Amino acid sequence: SVEGSFDDKNVGDDKQVLATYSLDNSNYRILGNDESGTSKILTANITPKALTITNSSALNKIYDGSTTADVVAGNLVGKIDNDDVSVNGTGEFADKHVGNNKTVNASYQLAGSDSGNYTLANDTLSANITPKALTITGSVAANKIYDANTLANVTAGSLGGVIDGDNVAAFGSGLFADKNVGADKAVTTSYQLVGTGAKDYSLSGQTLAADITPATLIIKANNATKIAGEVNPVFSSSINDFIVADNVSGLAGSTIFYTDSTTDLSHFIAGVNGSLVFSSNATSSSPAGSYAITLSGLETSNYQISYQSGELTVLPSTSPTGQPTTPLTNDVVSLFDALESSKHITIPTGTLIQDFVVDDLGLLVIDADGIRLPDDVPSDNTNQ
């Protein structure tokens, strides 16, 4: 029989092995390398033992522009008792960008006095890279003129925290707390990141402040006409430039519409309250001439009302030929009673009046043939 032993236990090539022989028959003797003739020096290799590892993990991280991954090495399996062997791990993500369950190539380094006697294969793990939070300074919400909505224009400021070489920019948008006029109103701001590196970052919104100033609402007194000696007609006005979003009755903001002192404007334009007050220095005893028609009486916080005066023209009570003129009135009933009774009203030369307003929505046209509806209005009650 034969037994052998290495000089030591450690891995190596061509290591000496002392082979010891023994015979169970005393009639023979083995010629060996020593004086006794019972042993011989041989050589052999000791190769590393392959270990396995369990329960390793790669740690999630916040985007940092690199592929480096932190790996927590698990438990070694196959190590011989009392051998001094430990393990550390390192890793690399497949790429540097944000994502979930990204592949991490893990490699292990064995340590300890006996580590050279073992090997440990690399591993494949997974982990997340989450967006890096940026900061922003110097953003500004722009003041605006009242437009009946809460949208705010925001100029994004300077980003902080972008990693050198990454292409990232920010655009901002905002909403006022409400649509109404006010100073230093809160603007809730949100940001959109753009650029090739945008998906690797996040940016929280912030609260800014800006003003909403009143819009201009033009209310003009319509011109009117009467005959000297008559009481003043029912005055009317036209309104333009109100905000379309404030319309509550189907009107369009670019369209002039007519109103008089009986019209409740809150039924037409949200936020405008009160009734128009028409004033003129003209009375039933005023002589022929031109007199101003002025306006007042409305209240609103979202508009700066621009009242524009109209003109009341008082005609002489007799025509230049001495013939009496046909009285004109803004009273719809009187006009249509006159039309029903006479079917035609003769207009003396020199007293033609164009675009005579008879109610709060329409016009009658007076020409050489008498009084008629405008050409584009059907002859029914649509405009009455």
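For segment 188-232, the share of alpha carbon pairs falling in successive 5 Å distance bins from zero is 5, 12, 10, 9, 8, 7, 7, 6, 6, 5, 5, 5, 5, 4, 4, 3, 1 percent. Taking the Cα centre of segment 113-253 as origin and assigning +1 to Lys and Arg Cβ atoms and -1 to Asp and Glu Cβ atoms, the resulting dipole is close to 580 debye.
For segment 207-212, putting each phi into the Karplus relation 6.51 cos²θ - 1.76 cosθ + 1.60 with θ = phi - 60° gives couplings of 10, 10, 9, 7, 9, 10 Hz, in residue order, rounded to whole numbers and with x for Gly and Pro. Working note: Cα gyration tensor of segment 20-129, eigenvalues times five, square-rooted, sorted largest first, giving semi-axes of 52, 12, 10 Å. With a Förster radius of 30 Å applied to the C-beta separation of Y21 and N45, the computed FRET efficiency comes to 0.85. Size descriptors for segment 91-170: radius of gyration and Dmax over Cα atoms are 24.0, 81 Å.
Which entries in the list K144/K199; K9/K40; K179/K199; K15/K79 go over 30 Å, if you measure between the two C-alpha atoms of each? In this structure, K144/K199; K179/K199 lie more than 30 Å apart at Cα.
Every number in this text was worked out from the coordinates using simple rules, so none of it is lab data. Bear in mind the structure is a predicted one, so any value in this text is a computation, not a measurement. Cβ sites come from the backbone with ideal geometry, for glycine too, and all protein chains shown count toward neighbours.
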